[in-house]
Amino acid sequence: MTGGDTSLLASVIILSALVVRTALTELKHPGSARRQWAFVTNPKAMAAGTTVAAATILIGGARYGWSAAAWALLAGALAAFVTGSTSSAAVPPLLPDKESPISERKIGRVLVAIGAPLTVAGVAMYFLPGPGVPVLIIGLSLLVTGLVMAAAGRR
């Protein structure tokens, strides 16, 4: 297999593993799949996921082809999941009183704090000899996700 085919296979395996995990959890705890996939009905989460997926395809689509599309789908789904799971409806009811869920804005700030240096490192590695494009794609994906989550948390 060439590098692109392997990358495509890896992303498909990860997506499949997440779906199988949901199915097995649903068998053990009926109703858990509905709670786990509640982000699909959250417009803010879907907007964040779509933004991340579109940014990933725009950045890496020309160079990596279908592999970029598969990874964009995975990155978008994970971004939507993280964004949708921070809403008050998705917080499990058995949360102790002294613990409060992490706000969407805080998660966004952390993602921006990680994504900005990765983006700068990716740009530097792009111009210097090194694997700059993957680092740049990951950095921009984290940065865009963090900015969307931080902006959505202000409302």
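In the set 89, 69, only one residue is open to solvent by less than 80 Å² (accessible area, probe 1.4 Å) and either of a type in the set (A, V, I, L, M) or modelled with pLDDT of 80 or more (or both); that residue is 69. Restricting attention to segment 93-109 and to residues that are closer than 20 Å to residue 45 by Cα and open to solvent by 80 Å² or more (accessible area, probe 1.4 Å), the residue that is modelled with the highest pLDDT turns out to be 109.
The values are calculated or read from the model by the stated rules, or taken from the named source; none is laboratory data. Remember, it's a predicted structure, so these values are computed and weren't measured experimentally. For the accessible areas, the whole protein counts, side chains as well, though only heavy atoms, and no ligand, DNA or RNA atoms are used. Shrake-Rupley method; radii C 1.70, N 1.55, O 1.52, S 1.80 Å.
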